[in-house]
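Read through the structure below, which is laid out as C-alpha cells, and then see the notes.
The values are calculated or read from the model by the stated rules, or taken from the named source; none is laboratory data. Model, not experiment: these values are computed from the prediction. In this analysis, Cβ positions are derived from the backbone assuming ideal geometry, glycine residues included, and neighbour counts consider all displayed protein chains.
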Amino acid sequence: MNKTFKIVSLALALAGLGHTAQAGKFVYVSEIPGNIVNNSSSVLAGKICLINQDQRWTADKVYVVDKMVFVEEPAVLTIEPGTIVRFEANTVSNGTSTSPNDPGALFICRGAKIVAQGTADAPIVMTNLDDPFVAGGATTIPTIANGGK
C-alpha cells in the first residue's frame, strides 16, 4: 500500500465518509420484529422493550434505543464493529433532558449476553440521539427528512 492511498484512507475515515451506515437506514429497537413492547395497563406501559431471542445489530444501520430495552436470558445481542447505537433522552411529553420520563437505555439481564467488539478502524459507538461528532456525522442522526421519525 502506497503512502498516498494511506493518507486518503485516513482522511476519509476521519471525515466520517468511510462509515457504512446510510441515511434513512434507521432501526428503532422497539420496532424490530420479535421484540416485545410492554403494552399492559401498568405505569410502564409502552416504556419497556424486551429482547428474548438472539439478535445481530449490523454496521449498515443506525440503531435507535427509544425505550428501556432489556436483553433477557437466553438471548445474545451481537453488535458488529462500526455500528452506531443512539439513545433517546426523552420520548414522553413533560420530560426534560435533565429529567427524562422515558429514556432510551440498554440493560443486559443475568443469563443474557452482549457481544460487542469494535476495532480501531470500526469502533462501536453508543451515544445520544443528536450527537453529530461520530463517523457519518449528521447523516446518522434520524430526522423526518432522512428516514427517521
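Observations on the model:
- Region 104-149: number of residues that are in a loop (DSSP other than H, G, I, E, B) and among the β-branched types (Val, Ile, Thr): 5
- Condition check for ILE79 on (1) of a type in the set (Val, Ile, Thr); (2) modelled with pLDDT of 95 or more; (3) closer than 25 Å to ASN146 by Cα; (4) surrounded by fewer than 17 Cβ atoms within 10 Å (Cβ to Cβ): one failure, at (4).
- Among all positions in region 51-59, there is at least one residue which is surrounded by 19 or more Cβ atoms within 10 Å (Cβ to Cβ) and modelled with pLDDT of 95 or more.
Every residue, every condition in (1) in a loop (DSSP other than H, G, I, E, B); (2) among the polar types (S, T, N, Q), yes or no:
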site	(1), (2)
PRO33	yes, no
ASN39	yes, yes
GLY46	yes, no
CYS49	no, no
ALA59	yes, no
VAL64	no, no
VAL69	no, no
LEU77	no, no
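- Pair list, Cβ < 8 Å and 6+ apart or interchain, from region 130-149 residues that are free of Cβ contacts under 8 Å to residues at least 24 places away in the same chain to residues that are surrounded by 14 or more Cβ atoms within 10 Å (Cβ to Cβ) and in a helix (DSSP H, G or I): PRO132/ALA138
- Candidate set: region 1-44, residues that are at pLDDT 65 or above and aliphatic (A, V, I, L, M); chosen: the one surrounded by the most Cβ atoms within 10 Å (Cβ to Cβ): VAL29
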